[in-house]
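One structure below.
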């Protein structure tokens, strides 16, 4: 073991900056990153063990004890649960004889929970040894467990392949694209190389000006003007870097999955154009661990582009050098925050940085860096091909272009839709065949829970901004239990903890909503939650913390009646249940647990 | 040469050098902004958030924000005082703090802020988190029940070769402060003392020298935290 781990560390040039890759490799080969492994890695990198441990323990796909020969990660996010993950989990637990969080005695199967894996349009879904299994039910679970007992490799358990590149020999996944509507920009017909050729025929300033003219704004959700970001970065001195955020962790979003599958070339082209604009030689695609199944395919697209001289040295004979590497994540929602993503790419805990300095000033390796979303880079290729003015004419006055929506939940046609900004929620619901809608969760848990009275509002950065996640919640759902509680559990787990307010308030708020869901809440609890959400919003550092109380604050605002119906209208109620507390001892001594009989 | 900038805190005219962190610039002007994670001349962590101020209408952490010309800063409003009090209360409920039995009592910044903001009963329910203590190092105790995750020890205490002796472990609900057993065994008495001194609470304690300062002679026994900053500038 020792020699092999030292060998892995040497593969990455004994560079602490590649600690993520080292840990991923060790986890894959040994089924865990044990204390022994940490000691070996720390010595080989000349780091302290706690510094290796701080990275190892941050990401939930790294484990300290060996996972099963088949590590089954069940998605327990909202839509998966709505679509029947409860049954799927029950079947896995029954057949394996262990609960989630445990491993069978023979070491064959371990069951785990994981947050949204980007398959909301084909839930319930799970990852088994990194292979994606979608649209699960009890019958399929029985077949999978039988295969495991027969010793079949996880990849060989996949019998049907999805459409498009999902069936590519390097991908061979059952994931479906579910592209329901192609628009004029990212999902329109694409021919590789036109964008790069045109960009390289312009000067860097011209490329930036074209992107500025298009009014393209960041597609990850924050909506920062892309051209301005590139401009700021290009004006800084020294080496520059291009990072692409393919961490797509916001529950309910999966549109980048489709772009990575069907428009990988376009994405890499966009990163190259960005690199040319700011003067970078290196790009990094930060790919979420859940999308490991795409890695080999994406590497093949990169090699193909190198062979066509769209990447590498002296691209298209224009004297511009640029190449891209893929950095895998290891399971942490907060890494979708750009500065946390940079930290993670450097092999550290994914903790957001303080600003200033901004990433455009000091980013990856403390050098000027642009971090953009997959869809943003793809859009930039079209802007170069067709011109900023063409792009700016699409959409609304403040939100130019098109937007990919990932629509899931209680609707007939879940999938990816490329729409022009400005569509109303009502129109969107008709488009996806949704009826009897109680609410739409716009922009994921960190967004807004929208009631029917506001369905006339428009999907646009000036009204309802979104990174693309749209979850339709039917009238038959228990909004507080199925949605709000699930989201708060998610945030409590995913807070990086480096801001004490984010860590603690999310736990406090999760406990409060749990109390209400369990029927012990009183009116004051609702008012307290609203007030505490506000303190959290005002005192945390990054976007995660500032928006993590939104599931509570937006439902209290828009669905107050749901809370009122659930809480008791009394001033005080003890959280302490005397009867339940003495139950066990009463059983032992054989008397009744009723105190006032 | 460094450039001088003018700004106001609650209407008071102040001066500082461009790029200086607001919390330090305020102190130089006799204005106390409470801190737990911040230490002058150390890379700011921005983790405790108790220094939250309002700058031109926006909530910002004073320990990570450089002063700029013309900034209008709100520091002592009712809203900010309530936020700070809430953070102190939150820290008291998330950890397990028993002041009367704590050796840092009277020297503890968290306790002192509790008095400053006149905390009576925390508004939040107690978490009663189980946190394990670590006494394996020859020189120090790590009493995790009292840790407030300020990262001072993480940032300051290193071995001779610059390697970390303290670091975080886990995230979210599983976060804890972790100590490197191998490197902690090499700590000198001076380094152990330094670790205890910079810890704003009673999480890091030097072994074998407990309760040296008698009650009544401790840092905050007779003066309110921050009063030295405010009085220096009368």
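Just a few scattered comments:
- You will find that of B:91, B:110, the residue that is outside any loop (DSSP other than H, G, I, E, B), crowded, with 23+ Cβ neighbours inside 10 Å, facing another protein chain (nearest Cβ under 10 Å) and under 17 Å from the mean Cα position of the chain (by Cα) is B:91 and no other.
- Any hit, the stretch A:212-219, residues being within 27 Å of residue A:75 (Cβ to Cβ) and either at pLDDT 95 or above or in contact with a helix residue (DSSP H, G or I) (Cβ under 8 Å, 6 or more places away or on another chain) (or both): yes
- Positions within the stretch A:498-540 being under 15 Å from residue B:171 (Cβ atoms) and touching a residue at least 60 places away in the same chain (Cβ under 8 Å), in sequence order: A:498
- Residue within the stretch B:171-194 that is away from chain A (no Cβ under 14 Å) and in contact with a helix residue (DSSP H, G or I) (Cβ under 8 Å, 6 or more places away or on another chain) present: yes
- In a residue-by-residue description of the stretch B:77-88, the property of being over 15 Å from residue B:36 (Cα atoms), touching a strand residue (DSSP E or B) at 6+ places or on another chain (Cβ under 8 Å) and assigned to a strand (DSSP E or B) applies to no position.
- The set of residues from the stretch A:561-581 being farther than 30 Å from residue A:336 by Cβ, in contact (Cβ under 8 Å) with a residue 12 or more places away in the chain and surrounded by 10 or more Cβ atoms within 10 Å (Cβ to Cβ) comprises A:564, A:566, A:567, A:568, A:573, A:578, A:579.
- Within the stretch B:140-170, considering residues that are surrounded by 22 or more Cβ atoms within 10 Å (Cβ to Cβ), in a strand (DSSP E or B) and more than 10 Å from chain A (Cβ to nearest Cβ), the one nearest to the chain's Cα centre (by Cα): B:142
- The set of residues in the stretch A:323-365 that are within 18 Å of the chain's Cα centre (by Cα), buried (at least 24 other Cβ atoms within 10 Å of the Cβ) and in a loop (DSSP other than H, G, I, E, B) comprises A:329, A:332, A:337, A:349, A:350, A:351, A:352.
- Entirely in the stretch A:45-145, the strands (runs of 3 or more DSSP E) that have 3 or more residues that are surrounded by 23 or more Cβ atoms within 10 Å (Cβ to Cβ), in contact with a strand residue (DSSP E or B) (Cβ under 8 Å, 6 or more places away or on another chain) and more than 14 Å from every other protein chain (Cβ to nearest Cβ): A:70-75, A:109-114
- Residue B:128 vs. criteria surrounded by fewer than 16 Cβ atoms within 10 Å (Cβ to Cβ) and farther than 20 Å from residue B:205 by Cβ: yes
- Each residue in the stretch A:561-597 was checked for being part of a helix (DSSP H, G or I) and either touching a strand residue (DSSP E or B) at 6+ places or on another chain (Cβ under 8 Å) or closer than 22 Å to residue A:506 by Cβ (or both), and 2 pass.
- Among the residues making up the stretch A:493-506, those that are touching a helix residue (DSSP H, G or I) at 6+ places or on another chain (Cβ under 9 Å) and more than 25 Å from residue A:564 (Cβ to Cβ) are A:493, A:494, A:495, A:496, A:497, A:499, A:500, A:501, A:502, A:503, A:504.
The values are calculated or read from the model by the stated rules, or taken from the named source; none is laboratory data. Predicted, not measured: the structure shown is a model, and the values here were computed from it. Cβ: placed from backbone, ideal geometry, glycine included. Neighbour counts: every protein chain shown.
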